[in-house]
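What follows is a single structure, written as structure tokens, with notes after it.
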Amino acid sequence: MTGTQLTKPPTWYKRSVFYELNVRTFYDANEDGVGDLRGVLAKLDYLQDLGVDTIWLLPITLSPLRDGGYDVSDYYAIHPDVGTLSDFRQLVDAAHQRDLKIMVELIPNHTSDQHPWFQASRDPAHPEHAVYRDFYVWSETDQRYRDARIIFLDFETSNWAYDPLRKAYYWHRFYAHQPDLNYDNPQVQRAMMRVIQFWIDQGADAIRVDAPPYLYEREGTNCENLPETHAYYKRLRAFVDAYAPGTMLLAEANQWPEDVRAYFGDGDEFHMNFHFPLMPRIFMALAKEDRTPIEAIMARTPDLPDICQWGVFLRCHDELTLEMVTPEERSFMWEYYAPEERMRLNLGIRRRLAPLLDNDPRRIRLANSILLSFIGSPVIYYGDEIGMGDNIWLEDRDGLRTPMQWNSTTNAGFSTAPAEKLERPVISEGDFGYLKVNVDLQLDDPGSLLNWMRTMLQVRKQHLAFGEGKLHLLRPANRAVLAYVRSHETGNLLVLNNLSSQPQRVEVDLSDWRVSCLRDACTGCVRQVVPDADIVFNLEGYQYAWWILEKEN
Ligand code: NOJ
């Protein structure tokens, strides 16, 4: 192995707060207009001060960039715009010195059509055609696997595309320029193991596995979550455990809780998976000022094996997906959160957190209170810690991936290159323009969102119950309040979130917890309680409260 490895406690990811960033728009250290790995290195102090633990880098490998780098043309090379392998290893070393971890992407399902494997596969005259012929899923007809849904509904009408050179159709679950690899071919299975080994060798602490459900195709199924797919991931996991114990695998399986459970196996498949269905329900609960949608999805959420963990997020680099809601819920969400056509994409909403919540500081804090205190390990999307906006006039999901707003200088301090050379335009106008929303301004303002996030991350860190504890939903009569206890042998906390804009009175039954007094986890204020009586809280509109439960002796 070449990269430095941290000695990792086996379930380190349970205590981790993740920070997802797009290297190309984070910080440009070499002044060419594109963010780079040296730029991330330069901002490690910022990330450490923010209080996050694991940095998730969106794709950095070679790619024609027609899908943000999820269209890989070489799994082993860093895209020259963002740097070199040596830059990557330096970043890992510097991160490890600060006790930060690095998570990279593995994109096993598909490659770019520019990948040499595909070029050799599609061309019968290619010298290596015999080797790569069966690396992809080819067919004489486009009528196979008709039960598989189309995912990029705004762009594709079929999961098959015709290749004139091979004179056959190839299978693709995403864009037509992203042919799916053929996992029935043992060479493909081995090739992807070598890729993961390579990134572990470079020092990666964790791997986010892109689009995991779709590795295999079988007639008469929807070609998702197939037993063969799970069997492959179990082998991948066994390899990782043997080769580099402590390396965490995070699945991006956008599925219902019942289907997602299989991705954890008996603790022998993925360590983590995102809880996709929870995310839109947090927004639904906020919109309806009623906790019911969250309660309903938690009732369907299975327990996980001990070493496993949910990944929880509010926003990410993709559209706010509405795949895991009912058609009625989807219509509600679109009408409420995406009133303009350009805010919608596929089955989702392409907006950032702050604009979704009307840039209302109380609602943004409330949503983050849920993110940081509910189940699992939270993932913060870069820029959301300062309430950055989006640009719906950019294509696809680019409007969610605009340059990080560092300060009030040219290009928001992202790059000193001329504006026309920037990877993407900086948001410069309106309430979200960089003169109003940027890191430096907020660092100087004790009441800023950024300073609030820093404080809350510090508070979270002091209580293992958040990352490692159990969740006990409380059911007070007032449904405008989402209330729960997080419990752990080291201590228990009560969290209250008033989803309503109006003040709410809520009576909470803590009789199971033998509480003598409550201590505000943020301010230290103490409140005495009468044993065995319901406790009454009066919450301001959108108020959250995190209380430490002090035990009776
Ligand atoms: C999931 C990624 O998050 C998304 O950005 C990408 O477009 C698809 N996978 C296809 O690779």
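The values are calculated or read from the model by the stated rules, or taken from the named source; none is laboratory data. Bear in mind that the values here come from a model prediction, so they are computed numbers and not experimental data. Here the Cβ positions follow ideal geometry from the backbone for every residue, glycine too, while neighbour counts run over all protein chains shown. Just the protein is used for accessible areas: all its heavy atoms, side chains included, with ligands, DNA and RNA removed. Shrake-Rupley method; radii C 1.70, N 1.55, O 1.52, S 1.80 Å.
Yes/no per residue for (1) among the hydrophobic types (A, V, I, L, M, F, W, C); (2) out of contact with any Ser or Thr (no Cβ under 9 Å at 6 or more places or on another chain); (3) in the same structural domain as Ile364 (by TED's automatic domain parsing); (4) open to solvent by less than 40 Å² (accessible area, probe 1.4 Å):
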{"residue": "Pro503", "(1), (2), (3), (4)": "no, yes, no, no"}
{"residue": "Val506", "(1), (2), (3), (4)": "yes, yes, no, yes"}
{"residue": "Val515", "(1), (2), (3), (4)": "yes, yes, no, yes"}
{"residue": "Leu518", "(1), (2), (3), (4)": "yes, yes, no, yes"}
{"residue": "Thr523", "(1), (2), (3), (4)": "no, yes, no, no"}
{"residue": "Ile535", "(1), (2), (3), (4)": "yes, yes, no, yes"}
{"residue": "Trp546", "(1), (2), (3), (4)": "yes, no, no, yes"}
Scanning region 252-282 for residues that are farther than 16 Å from Tyr216 by Cα and of a type in the set (Gly, Ala, Ser) gives Gly265, Gly267
Restricting attention to region 102-147, and to residues there that are farther than 18 Å from Tyr70 by Cα, part of a helix (DSSP H, G or I) and touching a Ser or Thr at 6+ places or on another chain (Cβ under 8 Å), which single residue is least open to solvent (accessible area, probe 1.4 Å)?
His129
Filter result (out of contact with any Lys or Arg (no Cβ under 9 Å at 6 or more places or on another chain) and in contact (Cβ under 8 Å) with a residue 60 or more places away in the chain) within region 219-238:
Gly220, Thr221
Under 8 Å between Cβ atoms, which residue pairs at least 6 apart in sequence (or on different chains) link something in region 157-180 that is at negative phi and small (Gly, Ala, Ser) with a partner that is open to solvent by 30 Å² or more (accessible area, probe 1.4 Å) and outside any loop (DSSP other than H, G, I, E, B)?
Ala161/Tyr169; Ala168/Trp138; Ala168/Tyr162
Sole miss for Glu468 among (1) within 21 Å of Val23 (Cα to Cα); (2) in contact with a helix residue (DSSP H, G or I) (Cβ under 8 Å, 6 or more places away or on another chain); (3) among the charged types (D, E, K, R) is condition (1)
Could you please tell me which pairs satisfy a Cβ distance under 7 Å, a separation of 6+ or placement on different chains, a first residue in region 296-323 that is farther than 17 Å from Ala251 by Cβ and touching a residue at least 60 places away in the same chain (Cβ under 8 Å), and a second residue that is part of a loop (DSSP other than H, G, I, E, B) and within 16 Å of the ligand (Cβ to nearest atom)?
Arg315/Arg352; Glu319/Asn346; Glu319/Arg350; Glu319/Arg397
Right, Asp241: more than 26 Å from Leu366 (Cβ to Cβ), of a type in the set (Asp, Glu), free of Cβ contacts under 8 Å to residues at least 24 places away in the same chain and open to solvent by 40 Å² or more (accessible area, probe 1.4 Å) or not?
yes
From the list Asp154, Asp180, exactly one residue is open to solvent by 60 Å² or more (accessible area, probe 1.4 Å), closer than 20 Å to Gly69 by Cα, touching a Lys or Arg at 6+ places or on another chain (Cβ under 9 Å) and not basic (Lys, Arg). Which is it?
Asp154
Can you name the residue in region 60-78 that is within 16 Å of the ligand (Cβ to nearest atom) and small (Gly, Ala, Ser) and, of all such residues, is nearest to Val195 (Cα to Cα)?
Ser73
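Residues checked against (1) open to solvent by 60 Å² or more (accessible area, probe 1.4 Å); (2) β-branched (Val, Ile, Thr); (3) more than 16 Å from the ligand (Cβ to nearest atom):
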position	(1), (2), (3)
Thr321	no, yes, no
Trp334	no, no, yes
Arg342	yes, no, yes
Leu345	no, no, no
Leu357	no, no, yes
Pro361	yes, no, yes
Leu371	no, no, yes
Kindly indicate whether any position in region 193-209 is in contact with a Pro (Cβ under 8 Å, 6 or more places away or on another chain) and open to solvent by 10 Å² or more (accessible area, probe 1.4 Å).
no
Qualifying position, being open to solvent by 10 Å² or more (accessible area, probe 1.4 Å), away from the ligand (no atom under 16 Å from the Cβ) and assigned to a helix (DSSP H, G or I), among Asp81, Asp49, Asp99
Asp49
